[in-house]
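Encoded as structure tokens, the structure appears first; notes follow it.
The values are calculated or read from the model by the stated rules, or taken from the named source; none is laboratory data. All of these numbers come straight from a predicted model, not from anything done at the bench. When we count neighbours, we look across all protein chains shown, and the Cβ atoms used for this are built from the backbone with ideal geometry, even at glycine. To get the accessible areas, we keep the full protein, side chains included, count just its heavy atoms, and leave off ligands, DNA and RNA. Shrake-Rupley method; radii C 1.70, N 1.55, O 1.52, S 1.80 Å.
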Amino acid sequence: MSGLSKIARRDFLIAGVSGGAGLVLGFYLKSKGNEARSRGAGTFSPNVWLQIAPDNTVGIWIAKSEMGQGVRTALAMLVAEELEADWSTIRIQQAPRENIYGDQRTQGSSSVRTLWTPLSRAGATAREMLVTAAAQAWEVDRATCQAEKGYIVHRPTGRRMNYGELSGAAAALPIPRDVPLKKSSEYHLLGKSVPRLDSPSKINGSAVFGIDVKVPGMLYATVLRCPYIGGSVKAFDARKARAVPGVHDVLKTTGGIAVLADSTWNALQGRSLLEVEWDRGPNASLSQDTVRKILEQSARSAAVMARNEGDTDQAIAAAHRIVESAFELPYLAHAAMEPLNCTAHVRWNRCEIWCSTQNPASVQRRAASVAVLPPAWVDVHTTLIGGGFGRRLENDMVVDAVQLSKATGRPVQVVWTREDDMQHDFYRPAAYSHMIAALDAEGQLTAWKHRLVSQSIDSRFGSLDGPDTTSVQGASDLPYAIPNIRVDYVAAQLPIPVGYWRSVGYSLNAFFTECFMDEVAAAAGKDPCEFRLGLLRNSPRRKAVLELVAEKSNWGKVLPAGKGRGVALHTSYRTTVAQVAEVSVAPDGAVRVERVVCAIDCGQMVNPDTIQAQMQGGIVFGLSAALWGNITLKDGRVQESNFDSYRVLRISEMPEVEVHIVASTESPTGVGEVGVPPIAPAVANALFVAAGKRVSRLPIMRT
């Protein structure tokens with residue numbers, strides 16, 4: 001990529017880290033002086049985030065994964081704003097897996113929030129050094145010079161030099177400390193819709209996703225995995241598979257039985273001819289009914305407290321009216337469009353990995369362990385991702401690729417099929433909730449009691465000390481002003497592999513809390529929106545979001561028979577989103593979501609176009625799950641295998657979506673996951689209005 005050069009490993013070894021609150025700034029330090037490091041003649045690179053070349057291109061390294069959320073463009077905008085760069089000169093490149101970039105995981109809608117300060121400072125530092133370089137070249141007072149769209153301008157005379165012309169001189173200067181950052185009123189780029197930098201390559205087909213990687217001499221592999229949860233290979237016969245033209249070998253790996261060939265197609269043909277006897281393991285009788293019974297029975301077990309304020313039992317005993325409900329949610333697959341894949345090349349002193357991953361550090365550690373190499377000897381090339389949603393945090397696909405490359409001495413690309421992906425996922429946990437609310441004689445909500453039951457994700461990484469934090473998020477931090485509130489949690493013991501699914505626990509608890517809140521409002525004889533607004537008296541920002549969505553959705557306007565509106569409000573990853581769904585129910589019971597109005601407060605906007613796209617995408621993702629999503633078990637096996645049995649929203653079913661963003665100068669929060677949680681309860685609440693029936697179980701189309 002023009003204007004960018006590879007960062008030498010020794011550059012990182014001498015790099016220093018500074019900054020507050022655990023944020024990495026990554027400014028280079030040298031033992032003699034404090035000059036900016038130059039990567040090539042005339043190249044200016046004052047920190048690990050950017051470099052300016054003599055040809056006037058501005059290279060920006062992106063240390064987060066791009067999986068369609070627009071992070072490459074958003075993070076580049078942070079640098080470019082403070083740098084006062086000409087946007088047309090920006091070039092982006094994926095940062096290597098190096099500690100100098102800090103935490104490179106892409107999760108929890110945290111990329112902009114955590115990198116706002118370091119990237120802004122990186123751009124501002126370079127800007128100030130360029131101003132100094134120009135002032136020295138012109139021999140003028142520095143205060144008479146300013147940065148302006150890729151140039152330093154001498155205001156009294158109008159003289160101008162672009163950044164490329166100043167790059168060599170700037171590289172020789174000491175790096176300033178505590179550079180001033182712009183006020184939001186001075187922004188030229190942030191808050192404006194900017195086309196994504198990676199769109200052209202995706203349109204012309206040159207973009208490289210993990211599945212597109214090609215390495216000279218590469219073998220292609222696919223692995224047959226045991227279909228039974230907790231099962232294993234007992235015996236297999238590979239003679240027919242080895243006879244397939246193009247098949248190179250058949251090897252047993254940690255994941256199962258791998259067929260290696262000269263193409264993925266030939267590997268799949270060989271795999272289909274494997275004769276395998278499976279050890280079904282301890283879960284061969286596991287069924288959907290078993291899961292439901294375990295969740296319901298667990299609700300009567302001892303729980304751990306997540307929140308306890310006031311005296312809920314006393315308030316419930318004194319209540320004028322009590323509302324009580326139970327809710328259930330199923331296991332869900334990630335169902336990313338790009339199936340899992342990994343390419344590995346293991347040599348005696350080096351391992352290279354090409355992978356669409358949300359966590360390159362985990363890839364590095366796992367590859368190093370399997371290859372028996374120091375982690376520093378493992379180079380991770382993070383590609384574009386065709387849908388992550390939390391599944392690409394796991395990196396289980398790395399193990400087979402490294403094992404096979406090590407065994408064959410050649411680069412190996414392992415590709416999962418759609419069926420592999422769906423039947424060997426780390427699923428969003430199934431969950432059960434029992435909820436009780438108390439109302440006084442005036443219809444005021446006086447108590448809220450919520451018991452949540454689900455498998456624990458956190459326990460995969462060590463024993464629990466208290467409630468599973470990801471399971472109670474969105475329930476224990478309920479924003480409504482309720483004088484007596486109790487939320488507790490029971491970790492259900494089930495053998496199904498579970499993991500982080502887009503918005504994680506928030507997607508569960510938004511459904512539970514917002515559906516139940518509608519029931520409570522109805523019991524109080526109050527409008528659902530007005531009822532919520534009354535409970536948000538201590539949360540003015542959330543209240544403003546709810547008022548905005550009510551206004552834009554024409555809340556209160558009467559709809560024809562068979563149609564209804566439903567509202568839901570939820571805060572996740574420090575961002576508040578409210579959605580109103582308009583739903584119709586046909587005489588035959590067919591449900592159609594016709595319109596969704598969304599309001600969001602995510603603090604300071606970076607790229608409004610990206611925010612809108614993420615809300616639209618989150619609504620589609622969450623709506624697919626609400627209407628159709630369901631992973632079921634029978635005889636110890638997952639039954640769904642592809643998009644014919646695990647339905648997602650069709651284009652003809654897409655509702656009209658409006659997104660309204662609250663203008664704010666508050667610190668930026670997240671947008672990648674926050675559009676998902678409110679859509680299911682908004683639709684469920686609309687269905688009650690349209691058809692008079694409460695939804696307590698999902699998916700809607702199978703209840």
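Side notes on the structure shown:
- Put simply, of VAL378, VAL346, VAL363, VAL372 the only residue that is over 30 Å from SER696 (Cα atoms), open to solvent by 30 Å² or more (accessible area, probe 1.4 Å) and β-branched (Val, Ile, Thr) is VAL372.
- Per the conditions (1) surrounded by fewer than 24 Cβ atoms within 10 Å (Cβ to Cβ); (2) within 27 Å of TYR489 (Cβ to Cβ), the sole criterion not satisfied by GLY387 is (2).
- Among the candidates ALA586, ALA561, ALA581, residue that is free of Cβ contacts under 8 Å to residues at least 24 places away in the same chain and over 18 Å from TRP448 (Cβ atoms): ALA561
- Tabulated pairs, segment 517-540, first among the β-branched types (Val, Ile, Thr), second modelled with pLDDT of 95 or more, C-beta under 8 angstrom, 6+ apart or interchain: VAL520/VAL323; VAL520/ALA437; VAL520/LEU439; VAL520/LEU445; VAL520/PHE531
- Breaking point among (1) over 20 Å from the mean Cα position of the chain (by Cα); (2) among the small types (Gly, Ala, Ser); (3) part of a helix (DSSP H, G or I), for ALA74: (1)
- Per-region count, segment 397-408, residues open to solvent by 30 Å² or more (accessible area, probe 1.4 Å) and within 13 Å of ILE353 (Cα to Cα): 2
- Under the condition of being within 22 Å of ARG502 (Cα to Cα) and open to solvent by less than 60 Å² (accessible area, probe 1.4 Å), the residues counted in segment 442-461 number 8.
- Wholly enclosed strands (runs of 3 or more DSSP E) of segment 241-292 bearing at least 2 residues free of Cβ contacts under 8 Å to residues at least 24 places away in the same chain: 247-252
- Any chance LEU119 is more than 23 Å from ASP609 (Cα to Cα), among the aliphatic types (A, V, I, L, M), modelled with pLDDT of 95 or more and open to solvent by less than 10 Å² (accessible area, probe 1.4 Å): no
- Of LEU559, LEU548, all but one fail to be within 29 Å of TYR187 (Cα to Cα), open to solvent by 30 Å² or more (accessible area, probe 1.4 Å) and among the aliphatic types (A, V, I, L, M); the exception is LEU548.
- Enumeration of residues in segment 482-507 that are open to solvent by less than 30 Å² (accessible area, probe 1.4 Å) and either part of a loop (DSSP other than H, G, I, E, B) or among the aromatic types (Phe, Trp, Tyr) (or both): ILE482, TYR489, ALA492, LEU494, ILE496, GLY499, TRP501, ARG502, SER503, VAL504, TYR506
- Among the candidates VAL648, VAL657, VAL567, residue that is assigned to a strand (DSSP E or B) and within 23 Å of ARG697 (Cβ to Cβ): VAL567
- Residues of segment 592-620 that are open to solvent by less than 30 Å² (accessible area, probe 1.4 Å) and in a strand (DSSP E or B): VAL593, VAL596, VAL597, CYS598, ALA599, ILE600, ASP601.
- Among the residues of segment 203-235, those that are in a loop (DSSP other than H, G, I, E, B), closer than 30 Å to ASP279 by Cα and in contact (Cβ under 8 Å) with a residue 60 or more places away in the chain comprise ARG225, PRO227, ILE229, GLY230, GLY231.
- Per-region count, segment 673-695, residues touching a strand residue (DSSP E or B) at 6+ places or on another chain (Cβ under 8 Å), more than 17 Å from VAL659 (Cα to Cα) and of a type outside the set (A, V, I, L, M, F, W, C): 3
- Residue list for segment 408-441, restricted to those being closer than 30 Å to GLY525 by Cα, touching a strand residue (DSSP E or B) at 6+ places or on another chain (Cβ under 6 Å) and either without any contact (Cβ under 8 Å) to a residue 40 or more places away in the chain or assigned to a loop (DSSP other than H, G, I, E, B) (or both): ASP440
- Some residue of segment 543-557 being outside any helix (DSSP H, G or I) and without any contact (Cβ under 8 Å) to a residue 12 or more places away in the chain: yes
- Filtered residues of segment 358-407 (kept if closer than 25 Å to ILE62 by Cβ, part of a helix (DSSP H, G or I) and of a type in the set (Ser, Thr, Tyr)): SER362
- When the residues of segment 479-503 are filtered to those that are among the aliphatic types (A, V, I, L, M) and out of contact with any Lys or Arg (no Cβ under 8 Å at 6 or more places or on another chain), the one that is farthest from LEU393 (Cα to Cα) is ILE482.
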